[in-house]
Amino acid sequence: MKLDVTNMAIIRHLKDGRKSYKLIAQDLSITENTVRSRVNKMIEEGLLDISGNIRIDVLPGHNLLYLGVKLKTMELQKKAQEFSKLKGVVSAGIVTGRYDLILQVLLNDDYDLLEFITGQVTKIEDVQTVESFIVYEGFNLKVPYIL
């Protein structure tokens, strides 16, 4: 599927939350059925996955952790899958830069950073180093996409 200007405009609208197809259609001067059809096609072809973002600043007793992981192996897909199954892991992404993987982990008063590192990360072989980043407040920036 080609990612054209209309599809990108629809995706930008969906980034603002679960905005109705009717409002998206009005803003883009297209029909609601066109929006629905394009969204369904993008989902079917694996181009679009609609998900929610955690607003950690309004979730009492919880912390959002980003964990950079450097591995001793290049089996990145396998390791990302292993990490994605650990308790608290929301997502595991293969990245460029000084880390091989970035994990997004939801922590709470009963499940903290130390418990995640010592009780979960240690289950995964070939971890060289980790670096943790706790999110205190998040902001979704409205950045225009240029095709």
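Structure data summary
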| item | result |
| --- | --- |
| Selected residue (criterion: farthest from Ala80 (Cα to Cα)) from residues of segment 124-141 that are among the charged types (D, E, K, R) and modelled with pLDDT of 95 or more | Glu131 |
| Single match in Leu86, Leu59, Leu48, Leu64 (criterion: closer than 26 Å to Asn7 by Cα and of a type in the set (A, V, I, L, M)) | Leu48 |
| Flag if Asn40 is farther than 28 Å from Val135 by Cβ and not small (Gly, Ala, Ser) | yes |
| Hits in segment 35-83 (condition: touching a residue at least 12 places away in the same chain (Cβ under 8 Å), in a helix (DSSP H, G or I) and either β-branched (Val, Ile, Thr) or closer than 16 Å to Gln120 by Cα (or both)) | Val35, Val39, Ile56, Lys79, Ala80, Glu82, Phe83 |
| Which listed residue is within 23 Å of Val135 (Cα to Cα) and touching a Lys or Arg at 6+ places or on another chain (Cβ under 9 Å), from Leu114, Leu101 | Leu101 |
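Residue-by-condition table, conditions (1) within 21 Å of the chain's Cα centre (by Cα); (2) aromatic (Phe, Trp, Tyr); (3) modelled with pLDDT of 95 or more; (4) surrounded by 15 or more Cβ atoms within 10 Å (Cβ to Cβ):
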| site | (1), (2), (3), (4) |
| --- | --- |
| Tyr21 | no, yes, no, yes |
| Met74 | no, no, yes, no |
| Gln81 | yes, no, yes, no |
| Lys87 | yes, no, no, no |
| Leu101 | yes, no, yes, yes |
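The values are calculated or read from the model by the stated rules, or taken from the named source; none is laboratory data. None of the values given here were measured: they were computed from a predicted structure. Reconstructed Cβ throughout: ideal geometry from the backbone, glycine too, with neighbour counts over all protein chains shown.
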